[in-house]
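No value in this document is a laboratory result; all are computed from the given coordinates. None of the values given here were measured: they were computed from a predicted structure. Don't worry about glycine lacking a Cβ; one is built from the backbone with ideal geometry, like all the others, and counts go over all protein chains shown.
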Amino acid sequence: MKNKLLLLSFAISIIASAQQHTYGIYFPDGDRETKCNAFTKVFKQKPNEVSFGVRLIENKIYFEVNNQSWYYALFKEPGDGIAVDIVLKERYSCNKEVTPKQVRGVLLPPVYNIKALGKLKRVKRNRYRVYIGKVPPNLQKKDIEFNLLFLHNKAFCKYYTIYNLEKYPRDLLDMGIYLDDITYNNKKITSNKRNLVTKYKKLTFSIPFEKDKSEYKPEDIKPLYDSLQLTDYHIKKIDIKAYASVEGSIERNTELQKQRATSIAGSLQSFQQPDILTKISTSENWVEFFNDIKKTRHKKLISLSKKKVKAKLVHEYAASLEPILRNHRKAVVVLSLEKKDQYKELHVDQLITLFNKAVVKDQLTEASHIQNSILERVRNDLSPTPLKKMKIPKKKKYVKLLAKNCIIKYLINLRQTLNVEKELLALEKLEPNNKRIKYNLAVLKFIVWKNRARKIDRDQFKREILNLKKYGISQDLVDKMIINFHIVKAMEDMRKNDLKGKDTSVAYVLKSCEKIPLSDFDYLNLSQFLTYYGTVYDAIDILKSKVKEITVDEDLLFYYLNLTITKNELTKTKVYRMIMLNAINMNQKRFCRLFNSALKKGVTFQLLEDDYLRATYCENCTNSDQKGI
């Protein structure tokens, strides 16, 4: 009898403890739809521009939102509120299993009636904050994150994990502008945290290597040499990514890769002085290995860890795969080239004197070369001052020189768009059929329209774009402009709540973008446009083949991960493993940092709830030198 009483007492203790730690929150089972219907409806109707999150200030936890109306619609009743679940990273240690739980960490007491007057405080323009809890002292030095339990009439309606995804500035496809020829902005993909631009032409070559050899064959590097001998550019930078096939020891593969890269860099340096800035990275070519075996009898290897694959790739097994492996031993060489400038050593004032003399003598070809040297310095210094000293008569035969001086002011300062447009319209009167002026005017009109600086007649503008072809503008450039036309039109239709018009333009962009050549920067902007105005899965579809290439831009690849890594239906696929291996090859530390806490600039360590992500993380990120920090 005594034992029964002890058991009963123990059971009551467990129940009491459970009640204490859930603070009376009602966890619906079969009646969730009934209990949460009103909440779910408001949450699902959240506009895209509404955002919310959690902020930690001196161990106090705040819920932040940028829209008061949505906040008050969501927390309408006195029993509506938020409870914070504090999750610890130690839950995801690679040496133990992760058991799925409704509440993953330490639950704090819920905060109700948060619609009450004075609780939501404005902290900045369009940012509001409400206090929802405090980190207990025993957790303050732990690696933690905060999940939210949204409560409606004290019933648990939604469990929400906060993801710290990078934000990227949205832009149009890069149309470039006309100087002597089309000059692209060549923008580098960057998040809002950085703002870098590259201004160099790039050439990419792939150079094969034989097994266990670090020397290349002369005939394999000849196309690269031929390009350098014919070009008007200097090598500014060499980026060499050396790949080894996956069999053999990591140590030997790393040694071979470095030898291969160094031999190429040394050979290219012989082409010029001064020294070329060289970046070398090395990796085993797991990406192409898994991609190439997926339709062969060896496809079962895809599901194995790297260690187990290496154990298989010995003797006869390796010999049978040699026709595949031989294609994976190579170096991908990317050359950043800078236009040769015969006037590079002269001061800008000397150049202006030479330019003005050439114009007086009507030596217009020489004047154009000198002008290009001046304009490059204007772009680098972001100062239009030298342009004022260049004396160019406003006559038809000097239109090309005048137009270049005009458009460069737009390139260095977007706020000059309307003034530059006015100057170009005046030049157009001197030479009405000048294709450079026509094209540049169209580019400027996009900027005016996108930034709502002036009302644009859409039908008339579309006709102007289509008419560019009769002035000698290529079909690819016209097609890209029409895609940009629909990108801006969709934005405008969305503002006007013309959803049908917006959907028509989104469908056009989606259908047409595969028909024209695109840069990595263009792919980024297309995917962002589709994420915001179409669906995130359209954006993912645009990028899915691109991100499997080992030559993909690193930032574009990580942007794709940004879009997809929280989607379980994608992360469990074999294709996704290849994409993650591509990211690991490019920048292992950056990949591993995705699994840092949101407080440490990761996406969230709760990605490790996903078995597939967890397996990749534990295989590649658990060494001390690779852990996210």
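All other residues whose Cβ lies under 11 angstrom from that of Lys213 are scored, Lys and Arg at +1 and Asp and Glu at -1, for a net of +1. Anything over 19 Å Cα to Cα? Flag those among Lys544/Lys572; Lys222/Lys546; Lys295/Lys330; Lys96/Lys300; Lys422/Lys445; Lys60/Lys141, in the order listed. Pairs exceeding 19 Å: Lys222/Lys546; Lys295/Lys330; Lys96/Lys300. Once both axes come from the Cα atoms, what is the angle between helix 417-430 and the longest principal axis of the chain, in degrees from 0 to 90, rounded to 10? Long axis of 417-430 versus the principal axis of the chain: about 30 degrees. Using the Cα coordinates of the range 28-161, the gyration tensor eigenvalues translate into equivalent-ellipsoid semi-axes of 25, 20, 13 Å, sorted from longest to shortest.
Want the number for Lys46 to Leu364: 0.36 nm per residue separation, take away the alpha-carbon distance, what's left? The partial results should precede the final answer.
Values: separation 318, 0.36 × 318 = 114.48 nm, distance 5.99 nm.
Computed gain between Lys46 and Leu364 is 108.5 nm.
Please compute the net charge surrounding His486, taking Lys and Arg as +1 and Asp and Glu as -1 over other residues with Cβ under 12 Å from its Cβ.
On the way: positive: Arg458, Lys462, Lys480, Lys489, Lys502, Lys511; negative: Asp479, Glu492, Asp493, Asp503.
Neighbourhood net charge equals +2.
Spin-label model, Tyr225 to Lys307: label points 7 Å out along the Cα-to-beta-carbon direction sit 4.6 nm apart. Where a ≥ b ≥ c are the square roots of the eigenvalues of the C-alpha gyration tensor, would you call the range 507-569 rounded, which needs a/c under 1.5, or, failing that, prolate if a/b is larger than b/c, or oblate? Oblate, since a/c reaches 1.5 and b/c is not below a/b.
In the chain, the longest principal axis of the Cα atoms and the axis of helix 520-533 are about 50 degrees apart.
What's the Cα-based Rg to Rh of the chain, Rh via Kirkwood? It would help to have the intermediate numbers written out before the result.
Values: Rg = 30.1 Å, Rh = 29.1 Å.
A ratio of 1.03.
Diagonalising the gyration tensor over the Cα atoms of the range 447-546 and scaling each eigenvalue by 5 before taking the square root yields semi-axes of 22, 19, 11 Å, largest first. Remark: spin-label model distance His21-Lys76 equals 3.5 nm, labels positioned 7 Å along the Cα→Cβ axis. Extension gain for Lys211 to Leu117 (0.36 nm times residue separation, less C-alpha to C-alpha distance): 26.5 nm. Farthest towards the positive end of the charge dipole of the chain, among the residues Ile565, Pro432, Met578, is the Cα of Pro432, using unit charges on the Cβ of Lys, Arg, Asp and Glu. Across all C-alpha atoms in the range 337-451, the radius of gyration and Dmax reach 14.3, 43 Å.
Summing charges over all other residues whose Cβ lies under 12 Å from the Cβ of Ser267, with Lys and Arg as +1 and Asp and Glu as -1, gives 0.
Projecting label points 7 angstrom from Cα along Cα→Cβ for Lys388 and Ala507 puts them 5.4 nm apart.
How big is the charge dipole of the chain about its Cα centre, in debye rounded to the nearest 20, if each Lys and Arg gets +1 on its Cβ and each Asp and Glu gets -1 on its Cβ?
Once rounded to the nearest 20, the dipole reads 1720 debye.
Per residue, the chain reaches -14500 deg cm²/dmol at 222 nm when only DSSP H runs of four or more residues are counted, each adding -39500 (n - 2.57). Counting only GluC sites (Glu not before Pro) that sit in a DSSP loop (anything but H, G, I, E, B) with at most 11 other Cβ atoms within 10 Å, what is the longest stretch of the chain containing none of them? Between the exposed loop sites, the longest stretch runs 346-629.
Relative to the longest principal axis of the Cα atoms of the chain, the long axis of helix 574-586 makes an angle of roughly 60 degrees. Here is the size of the range 200-339 from its Cα atoms: Rg then Dmax, 16.9, 51 Å. Which FRET efficiency value, to the nearest 0.05, is calculated for Thr34 and Asn164 with the Förster distance at 35 angstrom and r the Cβ-Cβ distance? For R0 = 35 Å, the calculated efficiency reads 0.55.
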